[in-house]
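Below is one structure; the comments refer to it alone.
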Amino acid sequence: MHIDKFEDAIMNCRFCFMCRHLSAIGNVRFTEVDTPRIRAAMMYGLRTGTNSFDDEDFIDALYRQDLSACCVHHCVNHYDENGLALAARADVVEAGKAPEAVKKLAAKYEKSAEWTIDGGKGDVAWFLDETTAADKDVVAAVKKLFAAAKVTPRIITGGCIGKVLKVLGYLPEAKATAEKFAAFLKDAGVKTLIVTNPAAANALKQDYPEFGVEVPCKVQCLSGFLMGKGLKFKKAAGEVYALADDFQRNYEGCGCMYKMLDYLKADNKPFGTNDEESYCCGEGAVVLDKLNPDLVKALAEYVAARADNPKKDCIVVASPYTKKALVKYGKLKAITLDELAASCL
Ligand code: SF4
């Protein structure tokens, strides 16, 4: 089974309650089953025969996890309870026990894996993923930033590049999609790919190597690209509340967001009661808003309840997914880092 690769997490997390306060789902449902300890105990139960994939409640718990990797990041031993949860989903799918809603979503995203690139020139491309594309303000901000940097990227549009399939537990399909997108990039002659959604960037930086798929170009977030170009900004960003990104902080240990905030001369204020929790509303689970919108609403309301001044505070996030949840359900003034940067030109 895939979960066997996460022996440390199964054997240690099942006795540990140290990171329970970092389980976003546990914090809004007030349920022990949504903490790493109980999830690990349930995985152990698969071995002892006290649990099985026939238990629908167990499967539901696996598919409502926010997958922020917050607990792994802050665990003193970095036991990978997040990887364990992803592996369990893959085992569920292989056992033919995926819920109908998950099967439908996976089929839809597998079918969407087609892309086009515009007929422009040059070897710099921007992957305009579906989540970024759905936010017209973010798209306008990104275009403004490219124009200021005097770069005209070729634009790639299209569907899933493998992340959703991997997160839902469909590993062979995710790998096949990764191979297809890598071949597409190679055929298009892309040398630098700018990605404005941390989930898509993480697919290319971590999932593809895990699948043994070589990415034929350099992958950069827009902030890193613009700082590398030495783009000058006229205005200081002022007071903001930046929320750490699940993929950038917890999965990759990347501090690009904070470098960009310094670059923009932002006065970044502390948010909430601690800087450990994930406030990303299930960003790591990528399609949690499609599988369980009520849960995403509860997560966004939890974040909103921690804002000093919900109507006025400028909340800055890396991901268009998180922005959407915080604006729609949390009624917060959330913008992406790219929008903040564009407002400083
Ligand atoms: S991830 Fe670390 S802190 Fe969290 S339950 Fe496992 S051992 Fe404990």
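The values are calculated or read from the model by the stated rules, or taken from the named source; none is laboratory data. The model shown is predicted, which means the values in this text are computed figures rather than measured ones. Note that we place each Cβ from the backbone using ideal geometry, even for glycine, and neighbour counts take in every protein chain shown.
Kindly evaluate Lys166 against the criterion of being of a type outside the set (Val, Ile, Thr), more than 22 Å from Val72 (Cα to Cα), modelled with pLDDT of 95 or more and not assigned by TED's automatic domain parsing to the domain that holds Glu283. No. I'd like the full set of residues that are closer than 19 Å to Gly122 by Cβ and either among the acidic types (Asp, Glu) or buried (at least 17 other Cβ atoms within 10 Å of the Cβ) (or both), limited to region 169-209. Phe184, Leu185, Asp187, Ala188, Val190, Thr192, Leu193, Ile194, Val195, Thr196 - these are the residues of region 169-209 that are closer than 19 Å to Gly122 by Cβ and either among the acidic types (Asp, Glu) or buried (at least 17 other Cβ atoms within 10 Å of the Cβ) (or both). Those strands (runs of 3 or more DSSP E) of region 173-255 in which at least 2 residues are of a type outside the set (Ser, Thr, Tyr), assigned by TED's automatic domain parsing to the domain that holds Tyr321 and more than 20 Å from the chain's Cα centre (by Cα), considering only elements entirely within it, cover 238-242. Residue pairs whose Cβ atoms lie under 6 Å apart, separated by 6 or more positions or on different chains, with the first residue in region 308-337 and of a type in the set (Phe, Trp, Tyr) and the second buried (at least 24 other Cβ atoms within 10 Å of the Cβ), are Tyr321/Glu283; Tyr329/Ala300. The set of residues in region 44-67 being within 19 Å of Val167 (Cα to Cα) and either in a loop (DSSP other than H, G, I, E, B) or aliphatic (A, V, I, L, M) (or both) consists of Phe53, Ile59, Ala61, Leu62, Arg64, Gln65, Asp66, Leu67.
Could you list all residues from region 116-138 that are crowded, with 18+ Cβ neighbours inside 10 Å and of a type outside the set (Gly, Ala, Ser)? Selection gives Ile117, Val124, Trp126, Phe127, Leu128, Asp129, Thr131, Thr132, Asp135, Val138. Restricted to region 83-98, and to residues there that are within 26 Å of Lys297 (Cβ to Cβ) and either out of contact with any His (no Cβ under 9 Å at 6 or more places or on another chain) or in a loop (DSSP other than H, G, I, E, B) (or both), the residue that is nearest to the ligand (Cβ to nearest atom) is Ala85. Pairs linking a residue in region 116-143 that is within 16 Å of Lys324 (Cβ to Cβ) to a residue that is outside any strand (DSSP E or B) and acidic (Asp, Glu), with Cβ atoms under 7 Å and 6 or more positions apart or on different chains, are Asp137/Glu339; Val138/Asp338; Val138/Glu339; Ala141/Asp338; Ala141/Glu339; Val142/Asp338. If I filter region 1-37 down to residues being under 23 Å from Gly330 (Cα atoms) and touching a Cys at 6+ places or on another chain (Cβ under 8 Å), which single residue comes out as farthest from the ligand (Cβ to nearest atom)? Looking at residues that are under 23 Å from Gly330 (Cα atoms) and touching a Cys at 6+ places or on another chain (Cβ under 8 Å), I get Ala24.
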